[in-house]
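> Here it is, the structure in full.
The values are calculated or read from the model by the stated rules, or taken from the named source; none is laboratory data. Source: prediction; values computed, not measured. Positions of Cβ are backbone-derived with ideal geometry, glycine not excepted, and every protein chain shown enters the neighbour counts.
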Amino acid sequence: MTLANQKDKLWDGRFTEATDAFVESFTASVNFDHILADYDIEGSMAHARMLSKADIISAPDLATMLAGLSEIRQEISQGQFQWSVQLEDVHMNIEAALTARIGELGKVLHTGRSRNDQIATDLRLYLREQIDLIIGKIKQLLTGILDLAETHTQTIMPGFTHLQIAQPIVFGHHLMAWYAMLARDAERLIECRKRVNCMPLGSAALAGTSFPIDRAYTAELLGFQSIADNSLDAVSDRDFVIEFSACASMLMMHLSRWSEEMILWTSPQFDFIELPDRFCTGSSIMPQKKNPDVPELVRGKSARVFGSLLSLLTLMKGQPLAYNKDNQEDKEPLFDTVQTVMACLTAFADMVPNIIPKKENMLRAASTGYATATDLADYLVRKGLAFRDAHAIVGRLVATGINEHKDLAELSLEQLQAESDLIQEDVYQFLDIHGSVASRSHPGGTAPDTVRHAINRARGLLTKNG
Ligand code: ARG
């Protein structure tokens, strides 16, 4: 990094002394915003084409600008471009390189434009593409969930409330709960993308421009769905970044919950699933350890994504209209969020289809936790008892079971009848966990056929929506 010692800025006409060297590096953003280079050049090319169409620049000048910009793009992609902190940000680095390459004409490109509408445009182009990549990854994960769920529509496990065994369910149904949450996350991102896909360019610094620009044409070239209605709003608000960050936080909250579950389930106390070795690590001191590092890290990484959401909200809340330099601080939280979400989804998309359920342990847990107590209460209700009374009777039978170390299905008919003579021989079919899950066959229930149907429906929708 070279220090400033002379007036050499693109904007220093009115200045009488060079920028303080510390201030120069303090205010620069090129160290992080250089990743927007491709979008910046794409935006500049579209802007130049529009300037030519509107007869603000000539066709030969346009051709020279486009050729210069594509050479710069190539240089950047090959890692040969020299970024300079003295040139502050991605925009001025590229503009200076263009001028160095094509001469005075390079300085004409910025006609009718400001860095304020330029950065807002770059950010929207970047985010639109990242949202598409993230949605693609979520869909890959969703497909993996469906594949795993499909093979476990008969795999019985206990369902939990308060982390206590509650009622028997099938593992496929449990997986489809995660599916539903992540499908909503994808939907939220699709909605968010609509609001990202609106073009600020043409707003210039804040008030628009006196040049006869054709915003609709630039928007068409850049694939924007609409153009921003208000120039002040367009250059200043970052609600689209905050909205994305909120969607990303929700997604990470889901991945973190799921991670927590995997961590519990791989512990010897639960022992419900095994994760493939390649997703785990060992301990340098305890030879027996196989640690679920990937889910632990995903759970941990949710923290930085939530933190970024709060940073972005706080960044915005005190800003008067229109653009303020504060907004430069939106980049790092956004880039970090995109990178974190993508990495966590990549890990999950690979790991989830390779989860190895331990069916016998799941079944054993479901058979020993009085998971069919509600079924017994429902049975008594069907025999004419009020639910609250049935609940009390079953509670006493559970106490008997606990005393005798027996599950409800292991109690004799006499033992059951000791609490209610409404109980008959037919009770055992309701105490059977397979019968219990099969009886919940309404839409949204855990019966194997219902779950299979839900999986097929989800797969149909997922493939239909691409
Ligand atoms: N680096 C700036 C940002 O990220 C670009 C816009 C700067 N505009 C300005 N008037 N200083 O927001």
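> Find the residue count for the stretch 96-115, including only residues that are assigned to a helix (DSSP H, G or I), closer than 16 Å to residue 42 by Cα and either polar (S, T, N, Q) or away from the ligand (no atom under 12 Å from the Cβ) (or both). If you could, list the steps in order and put the result at the bottom.
Of the residues in the stretch 96-115, the ones assigned to a helix (DSSP H, G or I) are 96-108, 115.
Checking the rest, the ones that are also closer than 16 Å to residue 42 by Cα come to 97-98, 106, 115.
If we keep only those that are either polar (S, T, N, Q) or away from the ligand (no atom under 12 Å from the Cβ) (or both) too, we end up with 97-98, 106.
Qualifying residue count for the region: 3.
> So, in the stretch 22-51, how many residues would count as being surrounded by fewer than 18 Cβ atoms within 10 Å (Cβ to Cβ) and of a type in the set (Gly, Ala, Ser)?
The number of residues fulfilling the criteria is 1.
> For the stretch 422-466, give me each residue that is at pLDDT below 95 and over 17 Å from residue 373 (Cα atoms).
Passing the criteria: 463, 464, 465, 466.
> Taking into account only those residues within the stretch 257-311 that are in contact with a strand residue (DSSP E or B) (Cβ under 8 Å, 6 or more places away or on another chain), within 21 Å of residue 361 (Cβ to Cβ) and free of Cβ contacts under 8 Å to residues at least 12 places away in the same chain, which is surrounded by the most Cβ atoms within 10 Å (Cβ to Cβ)?
Per the stated criteria, the residue is 265.
> Being within 16 Å of the ligand (Cβ to nearest atom) and assigned to a loop (DSSP other than H, G, I, E, B) is the filter; apply it to the stretch 319-357 and report the residue that is surrounded by the fewest Cβ atoms within 10 Å (Cβ to Cβ).
My answer is 320.
> Of the conditions (1) over 21 Å from residue 223 (Cβ atoms); (2) away from the ligand (no atom under 16 Å from the Cβ); (3) under 29 Å from the mean Cα position of the chain (by Cα), residue 128 satisfies every one except a single condition; which number is it?
Answer for residue 128: the failing condition is (1).
> If you don't mind, there's one more thing I want to ask. What are the pairs, 6+ residues apart or on separate chains, where a residue within the stretch 371-391 that is under 21 Å from residue 161 (Cβ atoms) and exposed (fewer than 13 other Cβ atoms within 10 Å of the Cβ) has its Cβ under 6 Å from a residue that is of a type in the set (Val, Ile, Thr) and at pLDDT 95 or above?
Going by the 6 Å Cβ cut-off, the qualifying pairs are 387/381.
> Sticking with this one: How many residues does the stretch 80-94 contain that are in a helix (DSSP H, G or I), more than 12 Å from the ligand (Cβ to nearest atom) and either of a type in the set (Asp, Glu) or more than 13 Å from residue 42 (Cα to Cα) (or both)?
Qualifying residue count for the region: 2.
> Give just the number: which of (1) more than 16 Å from the ligand (Cβ to nearest atom); (2) small (Gly, Ala, Ser); (3) within 21 Å of residue 331 (Cα to Cα); (4) buried (at least 16 other Cβ atoms within 10 Å of the Cβ) does residue 77 not satisfy?
For residue 77, the exception is condition (4).
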